[in-house]
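For reference, the structure is listed below as structure tokens.
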Amino acid sequence: MTMYRQGDVLLVRTDRPLGGQARPVPREAGRVVLARGEATGHAHAIDSPLAELFEEQDGRLYLRVSAGAEPVRLIHQQHDPIALPPGVYEVRRQHEYTPEAIRRVID
């Protein structure tokens with residue numbers, strides 16, 4: 001299993017085909033945004049036409065990277081860029097435990 005982590009975002013490569021129920025997630029200012037920091041407003045984003053984000057009915061997100069001359073780059077203002085080769089990735093957000101609740105990590 002191939003995984004890539006950038007801050008609180010984990011991408012897990014999968015062979016699972018995207019189902020017909022997966023709907024495309026619109027781009028924001030031309031970029032595919034995987035997650036936006038609640039505290040900073042910074043975004044984990046890809047600025048390439050080869051990347052597409054989909055949401056399944058259960059809320060799970062999948063990133064599809066089509067083949068191109070070079071891998072696409074996942075960027076964030078506080079982390080080093082990550083080169084992602086073609087494939088389908090499940091997008092997971094890190095969670096943390098607090099006495100009040102289990103919640104997403106606030107980036």
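Evaluate the relative contact order of the stretch 3-104 (contact order divided by residue number), counting alpha-carbon pairs under 8 angstrom at least 6 apart; express in whole percent.
After rounding, I find 29 percent.
Using a 7 Å offset from the Cα along the Cα-to-Cβ direction at both residue 69 and residue 57, what is the distance between the two label points in nm, to one decimal?
Going by the 7 Å Cα→Cβ label model, 4.2 nm.
Please give the contour-minus-distance gain from residue 33 to residue 94: 0.36 nm per residue of separation, less the Cα-Cα distance, rounded to one decimal in nm.
Working it through step by step, the gained length comes to 20.3 nm.
Once you place label points 7 Å from the Cα toward the Cβ at residue 5 and residue 18, how far apart are they in nm?
Each label point lies 7 Å from its Cα, and together they span 2.6 nm.
Pick the calculated Rg and Dmax of the Cα atoms in Å for this structure from (i) 18.1, 51; (ii) 15.7, 53; (iii) 13.8, 48?
Correct label, based on the coordinates given: (iii).
Rule-based calculations on the coordinates, nothing more; no lab input. Quick caveat: nothing in here was measured; it's all calculated off a predicted structure. Positions of Cβ are backbone-derived with ideal geometry, glycine not excepted, and every protein chain shown enters the neighbour counts.
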